[in-house]
Structure formats: C-alpha cells, structure tokens
Amino acid sequence: MKILLDKRAEEPHAAQAIELFCYTAQKHIGALSAVLGGLDTLVFTGGMGERAAPIRWMICRGLDYLGIHLDPGINDTHAGIISTTNSPCDVRVIPTNEDLMIARHTQKLILKKQAKGDKP
C-alpha cells in the first residue's frame, strides 16, 4: 500500500487501486455494522491501519451516518484515538505484533499435539 500511496499522484492505476481497496473496506464496515446494530468503536490495526493515515481517512469518509468522525490532524499523528471528541463512534489505532501472535498460536498448536501424543 505504501508504494501505491507514493505513486498515486502520477499513476492513475495506483490511485484507482487505493480507491477500490477503501471502497471495499467501507462496504464491509457497513455490512458488519448492520449485523451488529451499529458501532461504538472502529479499530485500525496492522501495517496499514497503524501507519497509513490517508487510507484510514479514505475508509472513514462517508461513514458519518455510523457516527464515525475523524479528526484529520490527529489522524495524521497516528494517535491512539483518531476520532473527534464528539464522535459517537470511537476510532482507534491499536499497534499489533503480528509475528508474535503467529508464533504464540503455532506454539499452542504444537503443545496441544504433543500433549495428545501426536508428532508436531
């Protein structure tokens, strides 16, 4: 995504790919909020969620009807809470360590197999 963001000004296909990604994310947020009966918190995490302020902004624009209101200045700083103070829905940026989580899940599966007597 970083490469696409860097090239979007001069390469229309890069900008189009970003738009499509953000549109798809908006559709999923809308669908899930319908199933959940609304949202009180939206969380961005992982590489893009933690470090791509333009992507967060593009995903959240147009979701005002769900109570999602980003503060553009705070969003650009990658703060923990990037929504406005009066936003009905908190929008958060939560760092993750995906490699650590994969290692923990793998270890848990291996230990479970060993406890059963299976080979890892």
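Below are the figures for this structure:
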read-out: Close pairs (6 angstrom Cβ cut-off, 6 or more residues apart or separate chains): among the acidic types (Asp, Glu) in the stretch 65-76, surrounded by 18 or more Cβ atoms within 10 Å (Cβ to Cβ) anywhere; value: Asp76/Ala53
read-out: Close pairs (6 angstrom Cβ cut-off, 6 or more residues apart or separate chains): touching a residue at least 24 places away in the same chain (Cβ under 8 Å) and surrounded by 10 or more Cβ atoms within 10 Å (Cβ to Cβ) in the stretch 24-36, outside any helix (DSSP H, G or I) and of a type in the set (A, V, I, L, M) anywhere; value: Ser33/Leu39
read-out: Pairs with Cβ under 7 Å, 6+ apart, first in the stretch 92-114 and assigned to a loop (DSSP other than H, G, I, E, B), second at pLDDT below 90 and surrounded by 10 or more Cβ atoms within 10 Å (Cβ to Cβ); value: Thr96/Gly46
read-out: Lone qualifier among Gly62, Gly47 - being in contact (Cβ under 8 Å) with a residue 24 or more places away in the chain, loosely packed, with under 15 Cβ neighbours inside 10 Å and assigned to a loop (DSSP other than H, G, I, E, B); value: Gly62
read-out: Looking only at the stretch 70-120, and only at residues there that are hydroxyl-bearing (Ser, Thr, Tyr) and either within 18 Å of the chain's Cα centre (by Cα) or surrounded by 10 or more Cβ atoms within 10 Å (Cβ to Cβ) (or both), the one that is nearest to Gly38 (Cα to Cα); value: Ser87
read-out: Hey, Asp40 surrounded by fewer than 17 Cβ atoms within 10 Å (Cβ to Cβ), of a type in the set (Asp, Glu) and touching an Asp or Glu at 6+ places or on another chain (Cβ under 8 Å) or not; value: yes
read-out: Restricting the stretch 1-22 to residues that are of a type in the set (D, E, K, R) and assigned to a helix (DSSP H, G or I), the residue that is farthest from the chain's Cα centre (by Cα); value: Lys7
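The values are calculated or read from the model by the stated rules, or taken from the named source; none is laboratory data. Since the model is a prediction, treat every value here as computed from it, not as a measurement. Neighbour counts run over all protein chains shown; Cβ positions are idealised from the backbone, glycine included.
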